[in-house]
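Okay, so here's the structure we're looking at.
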Amino acid sequence: MQLVAWIVLCVVVAVLTRNRPRLYLSAVVLAWFAVPVVGSRLVTGEVGGPLSFHPATWLIAASAGVQLLHNPRAMAAAVAHKVHVFLALALVAGAAVTVTVIHRGSFVVLVDQLLAPVIFFLLILAAGLPDSGLLAMLKNLLVALGTAVSIVALAQTLMGQVIFYESGFLTQYWFDPEDNRWMGTIDQPLALSLALCMIAPLAAGLRRPVLQLAMLVLFGAGVLASQSRLGIVAYALVAVFAVLRSRIPWQGKVPLTALLAAAAWFAASSTVSAGVAQRFADDTGSTAARADALEFFLSRWQDFMVAGEGMSASYRVSAAGGLITSLESSFLMYAVDIGVVFALLYFGVMAVLIARNWRQRACPGLALGTLMGLVIVQTYSALATRSVAGILIWTMLALLVLAGRQTSVPDEAAAGASSGRAGPALRPVEAQLAAAMRAAAVR
């Protein structure tokens with residue numbers, strides 16, 4: 001009954017906000033940052049089973065359905081804008097659904113981490129192509145949410161307790177309050193580190209040195225609370241980038257750098273960093289486990305060349321192969337789950353979108369943050385577990401596409417004006433597809 005009530009609420013919200021996409025898009029991102037998977041049952045009432053999707057997934061489904069009925073032209077225009085991307089993603093989705101159904105894999109993971117995020121990518125493009133302000137709004141929302149979860153993680157570190165969703169986290173095999181590794185309101189410490197390393201580069205777009213300093217210090221504290229070794233190294237690079245690429249004048253960057261260095265020294269000498277130092281000294285076998293996982297995959301990859309064994313099958317395959325952990329890489333796990341070819345296609349689409357929009361100037365730090373996400377998810381089971389990883393990566397990819405468009409359109413328009421012709425034109429294939437979709441929508 002609680003699930004039915006939540007679905008009805010999602011449909012009502014989708015209908016009421018059908019002309020205000022900023023609201024339902026913000027609600028989805030907010031839901032993933034505020035409600036971890038272990039807290040989903042408090043919203044939907046579903047503890048497990050085939051309908052235990054994250055609450056935000058239901059809102060994505062409702063919003064997509066309403067937009068298809070209410071504004072099909074915008075959806076068609078978004079598909080036409082990146083037609084090759086959506087064709088590739090459709091192939092991946094079809095293959096993933098097929099092997100998951102055949103092998104009875106985890107349909108919940110498939111929807112939460114692959115299908116729903118890709119649909120959300122489409123919704124952002126459909127709303128953002130005619131609304132140039134959506135990019136800045138969602139960017140600011142991500143920075144605000146990153147700040148909020150960092151504050152919660154810092155409070156957890158100082159208080160030594162979960163604070164929120166404690167009963168849910170205590171059911172997770174990996175969670176031990178004595179380890180002093182915290183996650184804010186996100187699903188795992190590594191997911192918190194991932195999110196902050198992706199969001200932190202956006203601080204390069206802040207104009208006020210005090211605000212930029214506060215954001216970078218808070219994000220750094222959050223990464224430190226997660227005790228992720230890779231996260232700390234990655235964040236150090238991100239912080240340097242954010243300062244060097246910021247819009248602050250050079251005379252403001254020097255004291256900002258000095259203050260950040262002082263904050264880093266203080267953190268390194270505090271008791272908070274003791275656990276991180278211990279993990280650098282003794283990784284408890286995690287590096288060896290990753291090496292074993294890679295060796296195991298390389299010895300078996302031909303078995304999954306075209307068809308995988310369904311979502312989450314990689315856990316079973318790695319256990320059967322004698323590994324004490326998962327394959328510890330989103331690509332390796334997807335290769336087993338949906339097939340090597342489709343895993344290459346899926347992550348290849350991400351890489352192409354980043355490369356094509358790397359030089360965008362509309363949102364400093366966005367390309368680096370997205371690249372950080374693509375790299376870090378290959379170091380643990382980020383996209384093979386239910387967490388904020390999937391929705392965050394596809395949200396930032398969508399923003400990157402919008403930023404690339406906002407950068408290229410003025411350039412192309414200026415070039416057209418100087419040569420006496422009109423602004424940017426669609427390529428022949430995209431123009432024909434767009435015309436066909438618009439004609440179908442009119443009918």
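What follows is calculated from the coordinates using simple rules that are stated; it is not laboratory data. What you see is a predicted model; the values in this text were computed from it and never measured. Because the Cβ atoms are built from the backbone with ideal geometry, glycine has one as well, and the counts that use them run over all protein chains shown.
Once you reduce segment 214-269 and segment 102-148 to the center of their Cα atoms, the two points are 27 Å from each other. For the chain, the C-alpha radius of gyration sits at 0.99 times the compact-globule guess of 2.2 N^0.38 Å, with N the residue count.
Springs between Cα atoms under 10 Å define the GNM used for the chain, and in it the highest mean-square fluctuation of Leu141, Leu332, Leu192 occurs at Leu141.
Ordering Ile151, Val111, Trp174 by Cα displacement along the dipole of segment 36-183 toward the positive end leaves Val111 in first place; charges were set at the Cβ atoms of Lys, Arg (+1) and Asp, Glu (-1). Sorting Ile7, Ile199 from the fewest to the most surrounding beta carbons within 10 angstrom yields Ile7, Ile199.
The Val233 and Glu178 beta-carbon pair, evaluated with R₀ = 22 Å, returns a calculated FRET efficiency of approximately 0.30.
Pairs of Cα atoms nearer than 8 Å and 6+ residues apart set the relative contact order; for the chain it is 21 percent. About the centre of its Cα atoms, the chain shows a dipole size close to 1720 debye [charges on the beta carbon of Lys, Arg (+1) and Asp, Glu (-1) only; nearest 20 debye]. Between the alpha-carbon centres of segment 149-213 and segment 6-32 there is a gap of 25 Å. Across Glu178, Glu166, Glu295, mean-square fluctuation computed from a Gaussian network of the chain (C-alpha pairs under 10 Å connected) peaks at Glu178. Calculated over segment 154-272, the projected area of the Cα convex hull averaged across directions stands at 7.2 nm². Per-residue Cβ neighbour counts within 10 Å put Phe169, Phe120 in the sequence Phe169, Phe120, beginning with the fewest.
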